[in-house]
1. For the stretch 47-85, run through the chymotrypsin sites (Phe, Trp or Tyr not before Pro) and keep only the ones in DSSP coil with at most 14 other Cβ atoms within 10 Å of their Cβ.
2. If I compute solvent accessible area with a 1.4 Å probe over the protein chains, what percent of it on the stretch 1-55 is carbon and sulfur?
3. Find, among the GluC sites (Glu not before Pro) in the stretch 53-105, those assigned to loop by DSSP (not H, G, I, E, B) with at most 13 other beta-carbon atoms within 10 angstrom.
4. For the stretch 1-46, what is the accessible area per residue in Å², given a 1.4 Å probe and the full set of protein chains?
5. Would you mind finding the longest exposed-site-free stretch of the chain, with exposed trypsin sites (Lys or Arg not before Pro) meaning DSSP loop and at most 15 other Cβ atoms within 10 Å?
6. Relative contact order for the stretch 2-107 using alpha-carbon pairs under 8 Å, separation at least 6, rounded to a whole percent?
7. Once amide H atoms are built 1.01 Å from N in the peptide plane, which residues 5 or more positions from I5, or in another chain, come under 5 Å H to H?
8. Is it possible to state the helix-based mean residue ellipticity at 222 nm for the chain, with each DSSP H run of 4+ residues giving -39500 (n - 2.57), the sum divided by total residues, to the nearest 500 deg cm²/dmol? What is it?
Amino acid sequence: MRVLILSKALAVGPYQRKAEELAALPDIDLTVAVPPSWREPGALEQKLERRFVRGYRLAELPIWFNGRHHEHFYPAIARLVATVRPDVFHIDEESFNFATFHAMRAGVQ
């Protein structure tokens, strides 16, 4: 089963452990899409860490409006969805984020 996860949280190394565990399951072909960094307002920029990346592909996607929680999005997500052709597409964002809407549109085309 091809699984695609889109998540700004998985740019943080320790959070990637769950992706490794999922990728270790039988018949799972996992791709995780993350931004190159996340600019949390009032905090330092969190650059992409590659800490727990065994057994899956970590795709770094450009992000627009970085640091704007409800307005950011990934302009290249449609291309990645078309390449991966996932059976399951998990969007790790709030339902009311533009990133969620934009990724959902890419997932149904």
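The values are calculated or read from the model by the stated rules, or taken from the named source; none is laboratory data. Predicted, not measured: the structure shown is a model, and the values here were computed from it. Here Cβ is always computed from backbone atoms with ideal geometry, including for glycine, and neighbour counts include all displayed protein chains. Only protein heavy atoms, including side chains, enter the accessible area calculation; ligands, DNA and RNA are left aside. Shrake-Rupley method; radii C 1.70, N 1.55, O 1.52, S 1.80 Å.
1. Working: sites: F52, Y56, W64, F65, F73; in loops: F52, Y56, F65.
Those satisfying the criteria are F65.
2. 55 percent
3. E71, E94
4. Numbers: 2280 Å² over 46 residues.
Counting only protein heavy atoms, the per-residue value for the stretch 1-46 is 50 Å².
5. Numbers: sites that count: R50, R51, R54, R68.
Free of exposed loop sites, the longest segment is 1-49.
6. Values: 204 pairs, mean separation 32.1, N = 106.
Relative contact order, the stretch 2-107: 30 percent.
7. Sorted by chain and number, the residues that satisfy this are T31, V32, A33, H90.
8. On the way: 3 runs with 25 residues, N = 109.
Estimated from H runs of four or more residues: -6500 deg cm²/dmol.
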